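Everything below concerns the one structure shown next.
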Amino acid sequence: MATLWENYETVAEVYDKYRFPIGAEMELLALGKLGRPLKDLHIADFGCGTGNYAKYFLGNGVGKVSLFDGSPGMLECAKKKLSDYIANGQVPQCEVITLPDIPLADEQFDAITLNYVLHHLNDEGDNPETDTYPKITKLLQNCKRLLRKDGLLMIVTFLGSGQLSSSYWMPVTLKTIYEQIAPLTHIFHYNTLKKSLEDAGFKDFQAFIPLHETILKPEHHFNPDGPFDPKLRKAFSCFGALELASRKFGTPSIDILLEKIQGMKDKKELDELIVKYEEQRQQFGCATVVVMRKQ
């Protein structure tokens with residue numbers, strides 16, 4: 001499956017080495033709102049990727065997690081990772097689905113997760129000026145349909161350009177890239193996302209920012225040589241977004257950006273930039289965990 005700026009069939013093989021399931025801890029805590037033992041819950045993980053979030057949930061006591069993704073390659077990685085849970089029946093479904101269409105029966109899940117999914121659902125009818133996003137609206141409506149009474153929808157996403165530019169220190173060197181790409185990537189602000197969810201039929205909107213977590217594993221997130229690793233660049237879609245910005249807006253390409261970073265390393269300026277970035281990340285965070293209940 002390829003999104004606007006990422007081909008996940010080529011990403012699957014390197015994804016797990018670098019990525020961390022940011023926000024999963026908060027989502028697990030949010031499941032307590034259902035007032036039932038974790039072992040009795042069935043979660044649907046749409047856009048499950050290689051199964052990092054599902055593994056966390058199952059390993060911490062959730063009874064069942066069904067997996068859905070648009071990339072067969074990512075889903076195969078998830079199946080291998082969760083083979084023991086699949087064998088004992090804790091992964092009832094593991095299917096390729098292209099969102100926003102979800103051809104499943106109504107009211108069968110206690111909770112649904114959409115982790116780093118929304119910003120990939122681009123549509124020609126998108127209009128940020130009127131907050132019109134057809135694919136995202138359809139996806140949220142489908143999620144409501146699939147949830148049982150009082151079920152939870154849990155989303156991990158960027159909220160605002162501050163979080164987008166805080167996702168990794170390297171793009172801080174060229175902030176204008178994210179300013180230009182943000183309108184194409186559905187980086188919503190708090191009130192916009194809240195309204196979209198309420199219009200879709202959800203209530204009890206809560207949002208949390210995991211300031212203690214990063215999208216990449218810490219050993220890669222703070223590594224000054226990280227951007228020079230082509231596998232890391234493949235595993236983190238911000239680099240795909242930078243390439244899209246280069247093609248669409250004529251902003252500097254990855255190669256030019258890497259030259260600039262190498263120059264900062266040579267001048268002993270890079271460590272100072274990473275420290276400065278970390279101050280920004282601790283203020284905005286890399287992501288927001290949004291939890292709401294079906295009305």
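The values are calculated or read from the model by the stated rules, or taken from the named source; none is laboratory data. In this text the structure is predicted, and so the values were computed from the model without any measurement. Here the Cβ positions follow ideal geometry from the backbone for every residue, glycine too, while neighbour counts run over all protein chains shown. The area values use the complete protein model at the heavy-atom level, side chains included, leaving out ligands, DNA and RNA. Shrake-Rupley method; radii C 1.70, N 1.55, O 1.52, S 1.80 Å.
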In order over the range 137-151: 3J(HN,Hα) from phi, Karplus 6.51/-1.76/1.60, θ = phi - 60°, whole Hz, x for each Gly or Pro, gives 4, 5, 4, 5, 5, 5, 4, 4, 4, 7, 7, 6, 3, 6, x
Candidates for log10 I(q)/I(0) by the Debye sum over Cα atoms at q = 0.06, 0.10, 0.16 Å⁻¹ are (i) -0.21, -0.58, -1.24; (ii) -0.29, -0.73, -1.27; (iii) -0.19, -0.53, -1.36, and the calculated one carries label (iii)
Sorted list, accessible surface of protein heavy atoms, 1.4 Å probe, largest first, for Arg233, Arg293 is Arg233, Arg293
Rounded to the nearest 0.05, FRET efficiency between His189 and Glu95 (Cβ-Cβ, R0 41 Å) equals 0.80
Length gained, Glu13-Lys231, 0.36 nm per residue minus C-alpha separation, equals 77.6 nm
Rounded to one decimal in nm, the spacing of the 7 Å Cα→Cβ label points at Glu198 and Gln283 is 2.9
In deg cm²/dmol, rounded to the nearest 500, the helical mean residue ellipticity at 222 nm of the chain, built from -39500 (n - 2.57) for every DSSP H run of length 4 or more, is -12500 deg cm²/dmol
Taking the range 206-259, the whole-percent share of alpha-carbon pairs separated by over 16 angstrom is 51
Tilt, helix 254-266 to longest principal axis of the chain (alpha-carbon atoms), in degrees rounded to tens, equals 60
A 1.4 Å probe over the protein heavy atoms gives the chain a carbon and sulfur accessible-area percentage of 50
For Phe222 the rounded accessible area (nearest 10 Å², probe 1.4 Å, non-protein molecules ignored) is 80
Regression test value, accessible area per residue of the chain, probe 1.4 Å, units Å², expected 44
Here, Asp271 and Gln295, labelled 7 Å along Cα→Cβ, have an inter-label distance in nm of 5.5
With all protein chains present and a 1.4 Å probe, the order of Tyr277, Tyr53, Tyr190 from largest accessible area down is Tyr190, Tyr53, Tyr277
Within the range 224-278, DSSP-loop GluC sites (Glu not before Pro) with at most 16 other C-beta atoms within 10 Å are Glu269
